Amino acid sequence: MIAKLLGLSHVDQSEFLTWSADLATFIGAGFPDEDQTQRALRSIVEMGRYFESVIRDRRYSEGEGLLGVLVNAQQSGQIKEGPELLAQCAMLLFAGHETTRHLLGTAVYWLLRHRRTWEALKSDHSLLKSAARELLRWDSPVQYTGRRANCDFSLYGMQIRRGDLVLPLIGAANRDPERYEDPDELRLDRQVGMPLSFGSGPHVCIGATLTLMEVEATIAALLRRWPDLQIAEEQDDWIASPLYRGFVSLPLWPKGIVQRPVARAAGCVSDSDLDCGLVY
Ligand code: HEM
């Protein structure tokens, strides 16, 4: 989705997933080791080269798409010459994908684990909007952010000095009992506005609206397409990161699978169903 919005005509997904995973591992490591550092460095350089060649060869949609807007902004002097444009592109591609991908996985997982919520959504799609926010609160894909203190202050009896690194824990704030009634309960109809998962202040996430649209659209499509969806097997396949929450993989099982030759012979499915994997 983010590649499409950028207006990229072609992204090699396997390459892109490797870059993204290398960067996420490095950023989330706290104290990255030599190997993690080298991999992240290689990936960011490759990402920069990729965007350099895309811009040079004009392999992006010029009429619409964010990349065209950014290139025009550089040509008209709104973005400085030099690496800033490439940095923006890399940031958008990475930030626009890694966290959203994780949220889609955890959102579906928790809905299926709390089956009553999945069933509730099935019968009432109007809950989708508040459900997306609640799932974002319940299991934030980004668990903390970082800031340097710009003055001395004390917080809950703790002294923080100017220049100290502070890591506000988003995941904990999203379960604050002073803010949320029964914070450890997943309530799809909670009406408390936006949780802190997108950060706050001058660096608040610019992709919040897009993310919520993606989550709502994905869950709606799954409910429509596979109303009896199930988790195929409980496996502990969470990514190993203190910063990000998400799955390496999440096998799901659309109940009532029909075998491809049987379905075809019976003429009970359309070609598009066969193509998009409804029938195996
Ligand atoms: C589940 C999805 C997402 C989550 C949880 C998330 C979370 C965050 C967080 C926590 C920050 C830092 C805020 C801070 O430190 O105060 C951030 C910044 C940012 N996000 Fe997202 N994000 C998501 C999706 C997206 C998408 C889809 C895009 C792109 C379209 C995006 C682009 C950015 C950018 C460019 C920044 C940096 C903003 C700045 O520094 O001014 N994010 N995001």
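Quick rundown of the values:
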quantity: Cβ crowding within 10 Å averaged over residues, with 192-205, 122-135, 102-115 ranked highest first; calculated: 102-115, 122-135, 192-205
quantity: Sulfur and carbon atoms: percent of accessible area, region 1-96 [1.4 Å]; calculated: 55
quantity: Region 1-96: relative contact order in percent, alpha carbon pairs under 8 Å with at least 6 residues between; calculated: 37
quantity: Chain lengthening between E64 and V204 when straightened (0.36 nm per residue, less Cα-Cα); calculated: 47.9 nm
quantity: FRET E, pair D57, E15, Förster distance 22 Å, beta-carbon r, rounded to 0.05; calculated: 0.85
quantity: Cut-off 14 Å between beta-carbons: net charge of the residues surrounding F247, Lys and Arg +1, Asp and Glu -1; calculated: -3
quantity: Per-residue [θ]222 nm for the chain (sum of -39500 (n - 2.57) over DSSP H runs n ≥ 4, rounded to 500); calculated: -15000 deg cm²/dmol
quantity: Residues of the chain: accessible area per residue with a 1.4 Å probe, Å²; calculated: 59
quantity: Proximal aspartates and glutamates to K80, defined as alpha-carbon separation beneath 17 angstrom and excluding residues fewer than eight positions away on the same chain; calculated: E52
quantity: Shape of the chain, Cα gyration tensor, a/c cut at 1.5; calculated: oblate
quantity: Positive-end extreme of charge dipole, the chain - chosen from S249, G163, A3 (charges on Cβ); calculated: A3
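The values are calculated or read from the model by the stated rules, or taken from the named source; none is laboratory data. Bear in mind the structure is a predicted one, so any value in this text is a computation, not a measurement. FYI the Cβ positions are ideal-geometry reconstructions off the backbone, even for glycines, and counts take in every protein chain you see. Accessible surface is based on the protein model in full, side chains and every heavy atom, while ligands, DNA and RNA are left aside. Shrake-Rupley method; radii C 1.70, N 1.55, O 1.52, S 1.80 Å.
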